[in-house]
Amino acid sequence: MKLTSVVLALFLFGAINLDAEETVELNQTTQNSTEYNASELSIEDGKKSEQLLFEKNTLDSELIENNIWSKIYSNYHIFLGLKKQEIKLDKEISELAKVRKKTTAQKDALEDAQNNKATLLGKLQLLEEYEKDPFRKFLTPPNIEEIPHIGNPLAVIGALSYRQKISSDEQEYSSRYDSLIYIMTKLKEKQRVIEKLLKLDASNTEYLGAQKDNDDQIKTFTPVIEIFKTTQNVYSKKVDEVKLNLESEVQNEIERTVSIAAIVLFFIFLLFFIKYLVKKYMSDNERFYTINKALNFTFVTILILILLLAYIENVSYLVTILGFASAGIAIAMKDWFTSLMGWLTIVIGGAIHVGDRVKFVRNGVEYVGDIVDISLLRMTMHEDITLTTEMTNRRAGRIIFVPNNYIFTDMISNYSHAGLKTVWDGIDFLVTFDSDIQKAALIAKEIAKKYSKGYTDITRKQLNKLRSQYSVKNTNVEPRVFTLIEPYGMKISIWYLTNSYATLTLRSTISSEIIMRIQAEDKIHLAFPTQSIYIDKDVPKSPPTLENAPTQGTLL
């Protein structure tokens with residue numbers, strides 16, 4: 001039994017030793033395997049760490065470059081840091097100031113602290129806008145200015161320009177929101193990268209600081225995004241409403257402009273059509289001119305009324321304003337107003353027409369010419385060569401502008417009114433007392449009748465027509481001759497009808513003919529002032545003749 005027990009004990013001991021050796025070998029093998037795996041894992045972590053650091057640096061560059069929000073946050077962060085430094089300096093200055101007996105080192109420290117605070121205050125002053133709400137400036141949407149009212153076609157251009165402006169402002173404001181969303185996305189990507197880095201190296205202070213700074217930025221921008229989103233929605237809806245209103249007003253104005261243009265074109269077509277008919281079927285140029293002016297005036301009046309009714313929203317307001325302003329306008333524009341009244345008198349009354357020959361006297365100066373135009377404010381007269389220009393002005397060919405209001409204040413003679421184309425003209429000459437006066441008068445009348453016969457017939461017909469309009473009693477149109485006593489002889493005055501537009505021409509012809517006929521007569525002598533001197537002789541009973549009397553004189 002004892003032997004068996006010993007053998008069994010030895011066997012167990014051997015088995016235990018064998019197990020112990022196998023266990024030692026197994027542990028050694030496991031340790032070697034673990035060391036190998038740890039080395040291999042360390043290499044992979046290093047590569048991951050480098051990759052993550054590269055991603056982090058890339059994100060940092062993207063966050064800093066070309067992003068206004070990061071720059072604002074950076075300035076805001078700097079401002080907070082400077083405020084902390086200010087608090088620290090204030091505390092240091094306060095403690096040093098409390099020391100009554102300062103050492104040289106303490107004095108220098110106090111002076112340095114005060115200088116540092118002065119520099120710090122200058123920096124804080126530059127960044128004071130970031131003290132309360134650093135993002136308010138960029139969160140505030142662009143101001144929507146007063147919406148233009150489209151009341152005429154030109155306002156459409158301004159409305160389109162305004163629409164383009166608010167669209168540009170909306171786009172710029174939306175780009176701010178997009179950039180804020182972009183920076184938040186990058187911050188979250190950076191957050192995930194830092195978390196992966198901390199898993200690889202949990203005790204790295206640089207990673208921990210970056211994580212804290214990134215979390216602070218996320219916390220800062222999260223409420224900003226919420227506010228921005230709400231503000232952008234409100235702003236976008238308001239801009240859309242403004243755009244719809246502008247589009248509606250532009251559309252209405254375009255439709256109204258097209259309608260007005262169609263009406264104006266219709267009246268223009270009607271105007272030219274009526275002018276065509278008048279020109280085609282009317283042979284009288286003067287009447288055509290008058291009708292043409294009346295048509296132009298009517299068209300302009302209708303055009304003004306159309307535009308006023310179309311573009312003045314409150315016509316009664318305009319009438320009220322004009323009513324109050326009429327007194328001032330009447331005083332300030334008295335001459336213009338009276339000229340307009342004169343124009344109405346001329347046009348409606350028919351006292352003067354375009355083409356009439358008139359004589360106008362102003363300040364003792366006479367002007368004779370033809371009316372070439374009658375406008376709202378004045379008549380335009382072309383001065384012709386007439387007896388007046390020959391005897392008085394010695395000038396002709398001028399364009400004379402006569403204000404219409406002169407018709408109320410000055411004398412204007414019309415040589416061709418109501419179809420009359422002739423006027424009476426007279427020639428005077430003197431014959432001696434012993435001449436055959438009857439023969440001289442007969443010659444003058446004969447010549448005047450000869451050259452004025454055509455004008456006499458025309459005048460007779462025209463006067464017969466005027467009897468229905470005017471009370472014309474004396475219609476004698478034959479040449480008239482008068483013999484009158486003058487100091488130097490008998491004056492023969494011959495009157496005849498002549499063309500209103502060529503009085504000087506016929507006067508010249510008749511004068512030459514009379515002189516030739518008188519000179520051919522023996523018993524008729526032209527008279528002029530004479531003087532006779534008698535020395536030691538009796539005065540003859542008969543007056544001296546033209547041949548033997550000493551004379552000196554001029555023809556009248």
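Descriptive notes on the structure:
- Qualifying positions in segment 358-380 - surrounded by 14 or more Cβ atoms within 10 Å (Cβ to Cβ) and either in a helix (DSSP H, G or I) or in contact with a Lys or Arg (Cβ under 9 Å, 6 or more places away or on another chain) (or both): GLU366, TYR367, VAL368, GLY369, ASP370, ILE371, ASP373, ILE374
- The number of residues in segment 83-103 being in contact (Cβ under 8 Å) with a residue 12 or more places away in the chain and aliphatic (A, V, I, L, M) comes to 4.
- Condition check for LYS188: over 46 Å from the mean Cα position of the chain (by Cα), assigned to a helix (DSSP H, G or I), modelled with pLDDT under 85 and over 17 Å from ILE147 (Cα atoms): no
- In segment 388-411, the qualifying residues are those that are assigned to a strand (DSSP E or B) and over 15 Å from THR338 (Cβ atoms), and the one that is nearest to the chain's Cα centre (by Cα) is PHE401.
- Members of segment 128-184 that are among the hydroxyl-bearing types (Ser, Thr, Tyr) and either touching a Cys at 6+ places or on another chain (Cβ under 7 Å) or closer than 30 Å to LEU82 by Cβ (or both): TYR130, THR140, TYR177, SER179, TYR182
- So ALA444, is it closer than 21 Å to SER493 by Cβ and either under 51 Å from the mean Cα position of the chain (by Cα) or not in a strand (DSSP E or B) (or both): yes
- Filter result for LYS461 (out of contact with any Ser or Thr (no Cβ under 9 Å at 6 or more places or on another chain), without any contact (Cβ under 8 Å) to a residue 60 or more places away in the chain and either over 25 Å from ALA527 (Cα atoms) or not assigned by TED's automatic domain parsing to the domain that holds ILE492 (or both)): yes
Condition check ((1) more than 30 Å from THR345 (Cα to Cα); (2) not charged (D, E, K, R)) across all residues:
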{"residue": "ILE407", "(1), (2)": "no, yes"}
{"residue": "SER413", "(1), (2)": "no, yes"}
{"residue": "LEU420", "(1), (2)": "no, yes"}
{"residue": "PHE429", "(1), (2)": "yes, yes"}
{"residue": "ASP436", "(1), (2)": "yes, no"}
{"residue": "LYS439", "(1), (2)": "yes, no"}
{"residue": "GLU446", "(1), (2)": "yes, no"}
{"residue": "TYR451", "(1), (2)": "yes, yes"}
{"residue": "VAL477", "(1), (2)": "yes, yes"}
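- Top-ranked residue in segment 191-212 [being in contact (Cβ under 8 Å) with a residue 40 or more places away in the chain and assigned to a helix (DSSP H, G or I); ranked as farthest from SER168 (Cα to Cα)]: LEU200
The values are calculated or read from the model by the stated rules, or taken from the named source; none is laboratory data. These numbers come from a predicted model, not from an experiment. Counting neighbours? That spans all protein chains shown, and the Cβs are built from the backbone with ideal geometry, glycine included.
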